[in-house]
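This report refers to the structure that appears directly beneath it.
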Amino acid sequence: MSTYSSMAELLALSEKNGTPVWKTVQLADCAEQDVTPESSWETMKNLLSVMRETDRGYDRRQRSLSGLSGGDAGLMEDRIASGKSILGPLVSRVAAAALRMGECNACMKRIVAAPTAGACGVLPAVLLTVAEEQHIPDDRVVEALYVAAGVGSVIAQRASISGAECGCQAEIGSAASMAAAALVHLLGGTGEQMSNAAALALKSLLGLVCDPVGGLVEVPCVKRNVTGAVTALTSADLALAGIQSRIPADEVFDAMREVGEKMDRTLRETGEGGLAATPTAKGRE
């Protein structure tokens, strides 16, 4: 059982023990899994390696079995290379990375569920791209992954990370929240700033429904990874600037649970509502 069930408890525990947030999360993981810190670290380091290998192994020629996904990251890369992207160097690269990971998932390649397969592109797109751009060592990125895991654990306990339970806000929204907090750590922010970033990110995606076309985790899921990644970037930057979320992170997580419970079942991964019910989507049946 986790030693914390809220961001407030996580931050208080870190302050009490005089340990950084990432270390507090690691030690809680060790206690829960009955493993050593060294073993826990190696596991997290391996997840980072998988993220990086999948990103580098992207093949723009490959398509998913449904034909709905594949090649879009390559198109984004072409636009970046042309110098015409209006997003700027960093954000455009993050967008391309999120597409690569989402398409790799749709093409049945090895990915890290962060926190789910459908939202697998958000966290690696943010962390890998920023770390590469700013020459941040892998150990720091691994620490950031622990921060992300801590936020994800709190969300899972207080709300959900399941689209079937709470809609896409629980998947892409949770991923953006995790990535925002992790990025704050990566860039040297405080625990309080991590919590604010997590709140700001999820607040921006509250109410996002889960409406997969054809019941597949492809449309609109892959492109939503880009939205989540960019939301994480802006939320982290706001928090690092000293901007606070007027609603604490734990209350945002609780609100997400309430919103999810009030969603009609057709908007929670059934493929029966939203975009999945449009004429174009139904025409694929």
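Details
- Test: residue 149 is aliphatic (A, V, I, L, M), touching a Pro at 6+ places or on another chain (Cβ under 7 Å) and either under 19 Å from residue 218 (Cβ atoms) or outside any loop (DSSP other than H, G, I, E, B) (or both): no
- Close pairs (7 angstrom Cβ cut-off, 6 or more residues apart or separate chains): touching a residue at least 60 places away in the same chain (Cβ under 8 Å) in the stretch 261-278, loosely packed, with under 14 Cβ neighbours inside 10 Å and among the charged types (D, E, K, R) anywhere: 273/264
- Residue match in the stretch 189-203 (condition: farther than 28 Å from residue 19 by Cα, part of a loop (DSSP other than H, G, I, E, B) and out of contact with any strand residue (DSSP E or B) (no Cβ under 8 Å at 6 or more places or on another chain)): no
- The residues of the stretch 105-138 that are over 11 Å from the mean Cα position of the chain (by Cα) and either of a type in the set (Gly, Ala, Ser) or farther than 14 Å from residue 52 by Cα (or both), listed by number, are 106, 107, 108, 131, 133, 134, 135, 136.
- Filter pass, residue 233 being aliphatic (A, V, I, L, M), assigned to a helix (DSSP H, G or I) and under 17 Å from residue 167 (Cβ atoms): no
- Members of the stretch 5-25 that are of a type in the set (Val, Ile, Thr) and either more than 20 Å from residue 141 (Cβ to Cβ) or touching a residue at least 24 places away in the same chain (Cβ under 8 Å) (or both): 21, 24, 25
- Complete set of residues in the stretch 1-11 that are modelled with pLDDT of 95 or more, surrounded by fewer than 19 Cβ atoms within 10 Å (Cβ to Cβ) and either assigned to a loop (DSSP other than H, G, I, E, B) or more than 24 Å from the chain's Cα centre (by Cα) (or both): 5, 6
- Within the set 96, 114, 81, the sole residue that is more than 18 Å from residue 62 (Cβ to Cβ), modelled with pLDDT of 95 or more and touching a helix residue (DSSP H, G or I) at 6+ places or on another chain (Cβ under 9 Å) turns out to be 114.
- Residue in the stretch 243-256 that is farther than 11 Å from residue 198 by Cα, in contact (Cβ under 8 Å) with a residue 60 or more places away in the chain and part of a helix (DSSP H, G or I) present: yes
The values are calculated or read from the model by the stated rules, or taken from the named source; none is laboratory data. As the structure is a computational prediction, the values presented were derived from the model and not from experiment. Methodologically, a virtual Cβ is constructed for each residue, glycine included, from the backbone with ideal geometry; neighbour enumeration extends over all protein chains shown.
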